[in-house]
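Student: Dropping the structure in here first, questions after.
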Amino acid sequence: MHLNKNLIIADTHSFAKPQQAVVTHLQLQLHVDFINKQLTGQAKYRIQQQPGANQIILDVKDLVIQQVLVQDEPAHFTLSAPQPYLGQTLAIELTPTAHEITVIYQTTPAAAALQWLELEQTAGGKFPFLFTQSQAILARTWLPCQDSPAVRFTYEAHIQVPAGYLALMSAENPQETNGTGEYHFTMPFAIPSYLMALAVGRLQFAALGTRTGVYAEPEVLNAAAYEFKEMEQMLESAEDLYGNYPWGRYDLLVLPPSFPFGGMENPCLTFVTPTIITGDRSLTSLVAHELAHSWSGNLVTNATWNDFWLNEGFTVYFERRIMEYLHGPDYADMLKVLGYQDLIKTIQELGPSNPDTCLKLNLLNRDPDEGLTEIAYEKGNLFLLTLENAVGRSRFDAFLNEYFKIFKFQSNTTEYFLEFLYEFFAPEQEIISTLVKPENWIYHPGLPETAIEVKSTRFIQVEEAAAHWHKNQNLAGINTAGWSTQEWLYFLNLIEARLDAPAMELLDNAFEFTQSGNAEILAVWLEAGLKARYAPVMPALEKFLQQVGRRKFVLPLYRQLAANKHYGEKAQEIFKKSRANYHAVTRLSIEKLLNK
Ligand code: BES
Ligand code: ZN
């Protein structure tokens, strides 16, 4: 391979200038204070500076910087004026030979990465809980850092928590609570700042395999261990597909329901929402997704948030390969078709000529959170499926294995990816430029005409059922007994637009959707209920919105409430009652939506 490694990476979401002076190792010491809801301590960095650099720049937001040391001597530093979502530069004056800086700091209540949960917001209800969410650019709200995915550093940490609590990080983790509340962590592989993570609570551990396990509050530990039983096999399948898992252990942490995402791929310790615990293991593809990020994302990382599809598109593809490996092609095909439905819906919502429907984004002067849509996931995945289809699976797998090998522990841009693609597939150049047309996928909006069709045999029956339903308003003679969550989701997606309240009542009497314990199904059902003004969903809706903070579920429901005059001030009312339960990521998104 002869890759042109001199392309300049311009990350417009970080003030850092890593070409001048860059951090390489972090030694973090933090004290976790549940009473004042504050982290206090220091971040000591090993750095490398170029001749004439004179200073190093870190990103900070909503932090109080108390003191800065260079080689253990008090040093001069300046903070710029705060900018929306980006925060401030922390510029530290360097002596020419300096190789170590220390920032003594504390967090503030505004820190958007942190959620401090009250006792009532946990499963046990007796102890508070803290967790972080750093992706995309929130690490800087709890840790001064060069907050760009193009900068990687190793770390070790000393975390002091009250006795009786367990602290966990994106690193090698303890499995038991100790008497002192002092925990030590090491992450020997270089990671970007968005993968820095910390959680503290009354937590217990259950082993699942030799390298896998799950942490949860004792009240949910058994259910979690049952739900995620196949994790060790998932890990083995992933390794069979794309090579060694290099991070040591792979564990899950089940968070309280306010966690704003489905999952977050923090190295060694994926954070997950409890809403995937259904009792029937039907939503475990989410774990496969986060596990897949151990390669696509954590090993090979998007260099800027404009290249986000490199993380998510590859991961969705890989996730479905794992599910295919474990549960067969029919199962994976259902996931692909559901994903395709999401893609079409997203392109429709954004508009087919919207630049945000290109794989390569332009997030200049915007909060990266805005660009993070299903496009990166599902258009990215469909691009890779189209490529696989063109060159054949075995060549495509060879390509992915090589990609992970060549770019491991590096941050990658879309342009390097393209260069690598053309070099690897030089023998297939003709095929690729006619059957795939990569540039169209990457730089053009909408759905490219080269996109392959995704199909699912199991869904044929579901399509017939939906047709029968549309004709007869019943499911008489249709055997739904063996339907999985995916079949029900597909069915609801097919009929949802034409549902009215009487039809919903019929379905509810037959299948009790309003009482569903499956959050994916319930979220689709509740949204349909709001559109159809089917009143019996309202109590379930209020309960759901008060408990669950997963943004993907919560936002569409608020959108429906706010869009329909029939509901008056209901959106504001429910938000007022629920906002204290939401993580900042979810709270800010709802506020934006309701203030539009
Ligand atoms: N890394 C993402 C979550 C994320 C993306 C957080 C951007 C902040 C900014 C994670 O891997 C993810 O994609 N989670 C999905 C689940 C997945 C199965 C599609 C989610 O949370 O819904
Ligand atoms: Zn992901």
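The values are calculated or read from the model by the stated rules, or taken from the named source; none is laboratory data. These figures come from a predicted structure and were not determined experimentally. Positions of Cβ are generated from backbone atoms using ideal geometry, with glycine treated the same way; all protein chains shown enter the neighbour counts. Heads up: the accessible areas ignore ligands, DNA and RNA and are worked out on the full protein's heavy atoms, side chains in. Shrake-Rupley method; radii C 1.70, N 1.55, O 1.52, S 1.80 Å.
Student: Under the √(5λ) rule applied to the eigenvalues of the Cα gyration tensor, what semi-axes describe the equivalent ellipsoid of the chain? Give them in Å, descending.
Tutor: Semi-axis lengths for the chain are 39, 30, 23 Å.
Student: Mind pulling the angle between the C-alpha long axis of helix 519-531 and the longest principal axis of the chain? Nearest 10 degrees, somewhere in 0 to 90.
Tutor: Helix 519-531 sits at roughly 60 degrees to that axis.
Student: Treating the angle as unsigned and between 0 and 90°, give the value, to the nearest 10°, between the Cα long axis of helix 218-227 and the longest Cα principal axis of the chain.
Tutor: Helix 218-227 sits at roughly 60 degrees to that axis.
Student: Give me the accessible area per residue for segment 469-571, probe 1.4 Å, as a whole number in Å².
Tutor: With all protein chains present, segment 469-571 gives 46 Å² per residue.
Student: Once the Cα atoms of helix 308-327 and of the chain are each reduced to a long axis, what angle between those two axes, in degrees from 0 to 90 to the nearest 10, is obtained?
Tutor: So the helix axis and the longest Cα principal axis differ by about 50 degrees.
Student: Between Q27 and F409, what is the FRET efficiency for a Förster distance of 30 Å, r being their Cβ-Cβ separation, to the nearest 0.05?
Tutor: 0.90
Student: Here's something else I'd like to know. What does the accessible area per residue of segment 346-411 come to in Å², with a 1.4 Å probe and no ligands, DNA or RNA counted?
Tutor: 40
Student: Give the residue from I35, T357, Y340 lying farthest towards the positive end of the charge dipole for the chain; charges sit on Cβ (+1 for Lys and Arg, -1 for Asp and Glu) and the dipole is referred to the Cα centre.
Tutor: It is I35, whose Cα lies furthest towards the positive end.
Student: Still on this model: Over the chain, what is the relative contact order in percent, taking alpha-carbon pairs closer than 8 angstrom and at least six residues apart?
Tutor: 11
Student: What is the magnitude of the charge dipole of segment 315-354 about its Cα centre, with +1 placed on the Cβ of each Lys and Arg, -1 on the Cβ of each Asp and Glu, and no other charges, expressed in debye to the nearest 20?
Tutor: Computed about the Cα centre, the dipole is about 80 debye.
Student: Here is a further query. Counting residues in segment 16-99 as N, plug N into 2.2 N^0.38 Å and put the Cα Rg over that result.
Tutor: Against the empirical 2.2 N^0.38 Å value, I get 1.15 for segment 16-99.
Student: Right, next: Under 16 Å Cα to Cα from K360, which lysines show up? Leave out anything in the same chain fewer than 8 places away.
Tutor: Correct list for K360: K379, K437.
Student: Which one, Q429, P162, S394, is farthest towards the positive end of the dipole of the chain when Lys and Arg carry +1 and Asp and Glu -1 on their Cβ?
Tutor: Of Q429, P162, S394, it is P162.
Student: Carbon-plus-sulfur fraction of the accessible area of the chain, 1.4 Å probe, in percent?
Tutor: Solvent-exposed carbon and sulfur of the chain make up 50 percent of the total.
Student: What aspartates and glutamates sit close enough to K592 to cross-link, taking a C-alpha to C-alpha distance under 13 Å and skipping anything fewer than 8 places away on the same chain?
Tutor: Correct list for K592: D367, D369, E370.
Student: Something else: Taking the Cα centre of segment 9-194 as origin, work out the dipole magnitude from +1 charges on Lys and Arg Cβ and -1 charges on Asp and Glu Cβ, in debye rounded to 20.
Tutor: Roughly 280 debye, rounded to the nearest 20.
Student: How many angstrom separate the Cα center of segment 514-583 from the Cα center of segment 14-67?
Tutor: 40
Student: Just flag the trypsin sites (Lys or Arg not before Pro) in segment 1-82 sitting in loop per DSSP whose Cβ has no more than 10 other Cβ atoms within 10 Å.
Tutor: Answer in residue order: K5.
Student: Might you tell me the accessible area per residue for segment 57-136, computed with a 1.4 Å probe and given in Å²?
Tutor: Result: 43 Å² per residue.
Student: Same structure, new question: How large is the convex hull of the Cα atoms of segment 255-302 per residue, expressed in Å³ as a whole number?
Tutor: So the per-residue Cα hull volume is 70 Å³.
Student: Hey, with R₀ at 22 Å, roughly what FRET efficiency would A501 and N472 work out to, going by the Cβ-Cβ distance, to 0.05?
Tutor: So, using R0 = 22 Å, E works out to roughly 0.75.
Student: What whole-number distance in Å separates the alpha-carbon centres of segment 173-240 and segment 407-425?
Tutor: Result: 31 Å between the Cα centres.
Student: If you put +1 on each Lys and Arg Cβ and -1 on each Asp and Glu Cβ, how big is the dipole of the chain around its Cα centre, in Debye rounded to 20?
Tutor: 1040
Student: Let me ask you something else. Name the residue farthest towards the positive end of the dipole of the chain from the options P536, Q146, P368, assuming +1 on Cβ of Lys and Arg, -1 on Cβ of Asp and Glu, about the Cα centre.
Tutor: Of P536, Q146, P368, it is P536.
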